[in-house]
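Here is the structure we will look at.
Nothing in this text is a laboratory measurement; each read-out follows from the coordinates by a stated rule. Quick caveat, the model's predicted, so the values are computed rather than measured. Note that each Cβ is placed from the backbone with ideal geometry, even for glycine, and that neighbours are counted across all protein chains shown.
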Amino acid sequence: MTGIQLADFAPLIDIKKDSLGLIQRGLTLGDTLNQNQAIILAMHQGELKERPMMGVGISDMLLDNDPIYWRTMIKEQLEMDGEKVGSVKITRTGIQIEAKY
């Protein structure tokens with residue numbers, strides 16, 4: 001899916017002006033799959049006013065010992081976003097997600 005690119009959760013702005021000083025380009029567009037996944041993983045439920053049930057709250061996973069719960073939660077949340085999730089793997093080094101819109 002193509003959308004506005006983010007850098008540190010803020011729009012990535014790259015202003016280009018023509019010879020008259022008029023803005024020709026401002027916001028950077030590109031594939032949003034990975035950034036949408038990162039936002040959903042980082043966001044806790046209740047943080048998004050329009051969809052209060054959206055969010056995994058991955059920071060709560062730090063001292064938890066139930067990876068099956070988190071794998072299920074991640075898959076459900078990504079599917080709520082409209083992604084087709086192939087697999088979610090939680091390892092000691094990170095989370096691997098195979099998904100697409």
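Using the 10 angstrom Cβ neighbour count as an exposure proxy, how do LYS49, LYS75 rank, fewest first?
So the ranking, lowest neighbour count to highest, is LYS49, LYS75.
Kindly provide the GluC sites (Glu not before Pro) of the chain that DSSP labels as loop, not H, G, I, E or B, and whose Cβ sees at most 11 other Cβ atoms within 10 Å.
On the way: sites: GLU47, GLU50, GLU76, GLU79, GLU83, GLU98; in loops: GLU47, GLU50, GLU83.
Passing sites in the chain are GLU50.
To the nearest 20 debye, what is the magnitude of the charge dipole of the chain about its Cα centre, counting +1 on the Cβ of each Lys and Arg and -1 on the Cβ of each Asp and Glu?
260
Would you mind calculating the relative contact order of the chain from Cα pairs under 8 angstrom and at least 6 residues apart, reporting the percent as a whole number?
Normalised by residue count, the contact order of the chain is 17 percent.
Can you put MET73, MET53 in order of Cβ neighbours within 10 angstrom, beginning with the fewest?
MET53, MET73
Can you give the calculated 222 nm mean residue ellipticity of the chain, where each DSSP H run of n ≥ 4 adds -39,500 (n - 2.57) and the sum is split over every residue, rounded to the nearest 500 deg cm²/dmol?
After summing the helix terms and dividing by the residues of the chain, the value is -7500 deg cm²/dmol.
Jot down the radius of gyration and Dmax of the range 12-59, Cα atoms only, both in angstrom.
16.6, 48
Of ALA99, MET61, ILE13, which is farthest along the charge dipole of the chain in the positive direction, counting Lys and Arg as +1 and Asp and Glu as -1 at C-beta?
Result: ILE13.
For the range 33-101, what is the convex hull (Cα atoms) projected area averaged across all directions, in square nanometres? All intermediate terms of the calculation are to be shown ahead of the outcome.
Details: hull surface 17.7 nm².
Reported value for the Cα convex hull: 4.4 nm².
Mind sorting ARG25, ARG71, ARG92 by how few other Cβ atoms lie within 10 Å of their own Cβ, fewest first?
ARG92, ARG25, ARG71
Just report the Cα centroid separation between the range 55-85 and the range 1-24, whole Å.
What the calculation gives is 32 Å, centre to centre.
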